[in-house]
Amino acid sequence: MLIIMIITTINIPLATAESNVNYPPEGNKCGYIFSLKETPDFDITNDDIIVISADANVYVSKSIEAIKAIEDKVDINFIAENTPIQPIPIVDDNLELFSDEISEPNNTDIPETTNIPEIDTPVSTETPETTEEPSATNEPTATEEPTTTPLPEHYTNDLLYYQMWHHNAMRDYVYRENDITGKGVKVGVIDTGIMRDWEDFEGVDIQDGINVCALLDNNEERLHIMGDAHPHGTGIIGNIAAKINNEKGIAGIVDECTVIPYKVEDTACSDFANTCAGILKALQLAYEDGCDVVNISMGSDPDLTESQIQMFNTVVDSVTSNGMIIVAAAGNEGEVDKYGDLANANIYPASCENVIGVGAVEPDCEPLHLIVDDATGLYGEIGNPQHFQVYGEVNTYTFDMVNDLERNQYKKCDFSTANDSVFISAPGKEIRTYAYGWEGVAPYISHMGTSEATPMVAAAAIGVKQMRPYIDTDMFKEILKETAIDIDGEGYDINTGYGMIDFEGIYNYVSALPETAPEKTPELTIDYKNEIINGFINDGNYYINDKPITLTSNKNEIGIIFSFSYGQIDVNSDWLGTSLKIQRKARNSSFTDSNVLSLNIPARPEAPNGIVTTDTTIIGVDNTMEYKATNSDTWTPCTSNKIETSTLGANEFEIRYKATDADFASNSVTVRTKIKEETPNITVDYKNNQLVGFDSESNYTLNDNEITPIDGKLDIADNWYGRDLTITRKARNDEYVDSNSKSIHLPTLSLAPTGIATADYNIYNVNSDMEYKLTTETEWHEINSEILENVPFGIYEIRYKATDTAFASEIFTLNVEEKVKPKEITPTAEIEYSRRTLDYLNNTSTYLVNGKEYHAENGSLNIEDSWYGTTITIICKASNEKFQDSDPQEIYIPTLGDAPDFLEVQGTKIKNLKETIEISNKGENNWFTTGATELELEEGEYEIRFMSTPTSFASKSITVKLERKPESNYTIETGIKKVDNDIVCTAENNTDGYITATGIIAIYSSSGTLLKIETINGFNAGANNYSISNDFNEPIKVKYFIWTALDNMTVYAKYKCI
């Protein structure tokens, strides 16, 4: 709601019954404002009175009568002594209380007093002097046309705009008034985060952003936690892009830009993640996200090392190479008595050459002094305490105070750092912004610092990028230099740089620039050692000799966290000794093609001469040369005057002069040598008594004798233990020579274990250092105790185990003699075909049938489906350790015969039965037989099969379903009877259920005249009836018809009279 009013408040005693209120004349089509001395104990609002501010008890009434109706119940605060209640224009169409026809009073109706903005009421902060006392007779005349009080020039309707003096000082309203809103421009804000729920961010395009601290810590859970604890970053973003003309809070400058926040301060992350590493990484991310402008209202400590400064410069140079503009705060260490030797020290990135460093200025005049009363919430001369930072004494400047200043009547803020990093200055003191979550602080706060000045310059850059996207850092610096308001001496100075930023001058300067500009002429270098051309912008579109080229990415690692990719291209051999014409094509309609760069590509130097070879040596080289095998891509520098090739695994080499910083590597000369076979890499496998590591494609000698390894392994002969072995790889052909020899010493075998004995299938006096096996086995077994118990009989070998450095010992041999155990009785099972079981087994024994254990319950085993048609093996298991398993019994289990296939089923009858057939209810196994050839049974499912015989099983079964078919001979019995002077028509059927039927009942007079027809729909012919009342004042006859769906049967009932 927008209410523009000029009032002074004073308390007047409560009106008596004889009202002394000097009411204004009626007939004004407007509202009347008044306030109450105390909060009423009842609701005074109604269709004619609405509340403007509940806190201040300020109301607006539609009519004088509505005020008169309550004047004896409440204490009314009059607008001014002896002055009528003033009519207040209402210009908000959403207030249904006032009609669209409401006009405003003539300006003479409102006394000229100090402009005081009321609660939630943006107003002009101009303070014209009172020229005359207001008159009670001042009212619109018949010839005067009331007009709506407009906003002052250059104002917005944002609540605190009148306190945002910097808008007037910089004249940034020129942007807004010329539709320079930042639309289409991306700005990255590297700061402490953001509180997105601020009312002034509603409708602003703020992207998700990223928590850079969490990114550096690989903390995925916090990667998108962007909360702003100070809140510093929130205020910075607000100064750039807080929504304008939303009747709330403050106003930014370019509220249609796209904001991408990068959080570089998070106490939940590591100390490293909260260093300048975060700023560097954020710059890389901003470049990758396509930011046009980056705001950095923070910086490094002043004591950076040279390497750290170089890192900042390298990163900044990288990310600004394609036109991104970085604006950074110069620092708040300008007070020498406070900071001593660190005062006015350079911080980074503001001190980087390709960054716009920003200082802070303020009006060179006394601020407005206010006193805020924390008890009542009211305060001195202007404003609303809800919009100040703290209660108590407050200094501020207003929008209108700036109008009285000369354009250069500003000065450096005391705290603002003064050094050569300051390129431009902007307002940085008493800047109204966000104060989310600060205890004892209202929603808005007054900030100061170069942090606040920086977003002003960033906003200017955003507008410049909207107007002329081709403007880069160098051009923007020139624009600032040419348009700044010089405020501290003539020309550049370290206090304020080139002066205070002037948006009007920037707008006029940029508007006069061409709408397009050529791309930058490529600045390229030749990397002679890697034979590439460097310096292309990765996403640029380039042509060489009028042909498009495809760039590859060259990632430049800067420190441990920042990497930047330049475009590069390999030098084509066709380009050597020529001059290339290189041009960057326009990226969009704001650019034109760049100027053409002519780049000379020198030819290669001549190859070396005087190179000679022996069998495995190249002679005549020096340290200006390098070599490689022709089948390799890797060049190796020469370190002496010869190259020993015997160990290089090649016999053809290229030799050339190395590349220098000013020339490519030369052409190469090719030479050939012989190749020495690779020295065998043979090792001893002590556990398997083998030499391993042989190449199956090579030939070898051992002690000058040819050997034949198998699968890369060679068993150690008994006579090799305790000897030195020499192994050589033989030359494979004339281009090779034998390898150097590999020497191996084989230790002797240690003595066999002693003191080992056996008794009762046990072996004694062994330990875990030993292993054993039967002589018939190949695998050795571990020993985990001092006795091997219950081992099978046989001849055993026992030895000490091999280790990683020693063979297994010699073998101790031991014979464990067999003690023969009796066998269990061989099973004599027989098939019981009728029960499908194996009978005559011992119910106390355990049997193995085809290797699976079974217990013969009641001396029988059920025959399993998988046994039919197979021969099974039955073994009686040993009942205890004194017995062995029995010998096996083999028995053939016949297959099941096929089910009967000649039966005929009709309803509940089964035909074509035979004496050999038996029947059972399905699933019940209660088989019965019948001698009949035909059998009728109850409805249901039955299984039928051939019976078993003494030598065969019952056959497979067939399942049949018996069901009774419905009869078609249904009847319906109907009747008519008299009940209590009514005629009741009845219907019954001979089925178990209902038969749906329909019909009619015809009613006649006793003389036969048709009186009425009753229709029956959906009549169920069960035990149903239909009652007919005699309402005709004479005897009647009834005839009853009914139809059914069964054979279209019609049934009549007799006549009945009542």
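Read the figures in this text as sums done on the coordinates, not as results from a lab. All values derive from a computational prediction rather than experimental measurement. Backbone-built Cβ (ideal geometry, glycine too); neighbour counts: all protein chains shown.
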Point to revise | Distance in nm between pseudo-label sites at ALA662 and GLU697 (7 Å out along the Cβ direction from Cα) | key: 4.7
Practice item. For region 623-704, run through the GluC sites (Glu not before Pro) and keep only the ones in DSSP coil with at most 10 other Cβ atoms within 10 Å of their Cβ. Key: GLU697
Review point. In region 830-893, what is the volume of the convex hull around the alpha carbon atoms, normalised per residue and reported in Å³?
Key: 78
Review point. What is the calculated FRET efficiency for GLU678 to GLU818, with r their C-beta to C-beta distance and R₀ = 60 Å, to the nearest 0.05?
Key: 0.60
Review point. What ranking do VAL316, VAL464 get, fewest neighbouring Cβ atoms within 10 angstrom at the top?
Key: VAL316, VAL464
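Is the C-alpha gyration tensor of region 683-745 telling us rounded, prolate or oblate? Criteria: a/c under 1.5 is rounded; beyond that, a/b larger than b/c is prolate, otherwise oblate.
Prolate shape, in that a/c is at least 1.5 and a/b is the bigger ratio.
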Exercise for review: First measure r as the distance between the Cβ atoms of THR614 and ILE707, then evaluate 1/(1 + (r/R0)^6) with R0 = 30 Å and state the FRET efficiency to the nearest 0.05.
Suggested key: 0.45
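Rounded to whole Å and ordered largest first, report the semi-axes of the equivalent ellipsoid of region 757-816 derived from its Cα gyration tensor (root of 5λ).
For region 757-816, the ellipsoid semi-axes come out as 19, 13, 9 Å.
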Check your understanding: Taking Rh as the Kirkwood radius, which is the inverse of the mean 1/r over Cα pairs, what is the Rg/Rh value for region 609-689?
Key -> 1.17
Study note, to complete from the structure: Residue by residue through region 880-893, the couplings from Karplus 6.51 cos²θ - 1.76 cosθ + 1.60 with θ = phi - 60°, in Hz, x for Gly and Pro, are 7, 6, 8, 10, 9, 4, 6, 5, x, 9, 10, 9, 8, 9
Review point. What is the list of residues in region 806-841 whose amide nitrogen lies under 11 Å from a point 7 angstrom out from the Cα of LYS852, following Cα to Cβ?
Key: none
Point to revise | Cα-based reach from LYS978 at 29 Å (exclusive), listing lysines while leaving out same-chain residues under 8 positions away | key: LYS1012, LYS1037, LYS1039, LYS1054, LYS1056
**Study point:** Computed Rg/Rh of region 904-962, alpha carbon atoms with Kirkwood Rh
**Key:** 0.95
**Study point:** Packing-based exposure ordering (other Cβ within 10 Å, fewest first) of VAL671, VAL189, VAL791
**Key:** VAL791, VAL671, VAL189
Check your understanding: By counting other Cβ atoms within 10 Å of each Cβ, how are THR267, THR320, THR908 ranked from fewest to most?
Key -> THR267, THR908, THR320
Review point. How far, in nm, would the chain grow between ARG587 and THR39 when pulled straight, counting 0.36 nm per residue and subtracting the alpha carbon separation?
Key: 190.7 nm
Practice item. Give the shape of region 751-898 as rounded, prolate or oblate, defined through the alpha-carbon gyration tensor: a ≥ b ≥ c are the square roots of its eigenvalues, a/c under 1.5 means rounded, and otherwise the shape is prolate if a/b is larger than b/c and oblate if not. Key: prolate
Point to revise | Total charge dipole magnitude, region 612-676, about the Cα centre, Cβ charges on Lys, Arg, Asp, Glu only, Debye to nearest 20 | key: 240
Point to revise | region 757-816: relative contact order in percent, alpha carbon pairs under 8 Å with at least 6 residues between | key: 35
Review point. How fast does region 161-511 diffuse by Stokes-Einstein, in µm²/s, taking the Kirkwood radius from C-alpha pairs at 37 °C and 0.692 mPa s?
Key: 164
Review point. So how far apart, in nm, are the two label points at TYR543 and ASP738 if each is 7 Å from Cα heading toward Cβ?
Key: 6.9
Revision key, fill the gap. Here the FRET efficiency for ALA717 versus LEU513, based on Cβ atoms and R0 = 60 Å and rounded to 0.05, is 0.05
